1. For segment 11-25, which positions are open to solvent by 50 Å² or more (accessible area, probe 1.4 Å) and hydrophobic (A, V, I, L, M, F, W, C)?
2. Among the residues of segment 50-102, what is the count of those that are within 15 Å of the ligand (Cβ to nearest atom), within 22 Å of the chain's Cα centre (by Cα), assigned to a loop (DSSP other than H, G, I, E, B) and of a type in the set (Lys, Arg)?
3. Looking at (1) exposed (fewer than 15 other Cβ atoms within 10 Å of the Cβ); (2) of a type outside the set (S, T, N, Q); (3) over 17 Å from Arg104 (Cα atoms), which is the one condition that is false for Val58?
4. Checking the structure you have, find out if any residue of segment 21-29 is within 18 Å of His2 (Cβ to Cβ) and modelled with pLDDT of 95 or more.
5. Return the residues of segment 28-49 that are in a loop (DSSP other than H, G, I, E, B) and either of a type in the set (A, V, I, L, M, F, W, C) or without any contact (Cβ under 8 Å) to a residue 24 or more places away in the chain (or both); say none if nothing qualifies.
6. In segment 1-27, what count of residues is obtained for those that are part of a strand (DSSP E or B) and over 18 Å from Leu103 (Cβ atoms)?
Amino acid sequence: MHELAITQAAVEEITRRLGETPIRKVTLEIGALSGVVVDSVRFCFEVIVDGTPLRDAVLEVIEPPGRARCRDCAREFTVEDPRIPLCPRCGGANLRVLGGQELRIKSVEVRGECAQPAGARTTPESE
Ligand SMILES: [Zn+2]
């Protein structure tokens, strides 16, 4: 399962960088043309984060639309059906993809404003 591997890689990358720091929110960018099913990623995320510092994290997914430019008539358009992208003006399939192929971790929010190093003063900061 494609989405499982991708989600696992993202979670591993975050825990590798941030260790045991509890994560509050993870934002992923998954373009409409990335071939990744966002609902599957959401489902996999819920399963994978169990028992990790990401277990209470909210998953936000940004889904940039597919954008392409026709090489034949230079028309730029939003790709409605990523499986068969065709130029809406001339019907051409000679396209250059401009956006929508994103697949990356956009941001990670840790719990609290910043991670407290071990042994740091625990004087509460005003919220
Ligand atoms: Zn065209």
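The values are calculated or read from the model by the stated rules, or taken from the named source; none is laboratory data. Bear in mind that the values here come from a model prediction, so they are computed numbers and not experimental data. Every residue, glycine as well, gets a Cβ built from its backbone with ideal geometry; the counts of neighbours run over all protein chains shown. Each accessible area value is taken on the protein alone, full model and side chains, heavy atoms only, with ligands, DNA and RNA left out. Shrake-Rupley method; radii C 1.70, N 1.55, O 1.52, S 1.80 Å.
1. The answer is Leu18, and nothing else.
2. 0
3. It fails just one condition, (3).
4. Yes, the conditions are met somewhere in segment 21-29.
5. Across segment 28-49, the qualifying residues are Ala32, Leu33, Val36, Val37, Val49.
6. Counting residues in segment 1-27 that are part of a strand (DSSP E or B) and over 18 Å from Leu103 (Cβ atoms) gives 3.
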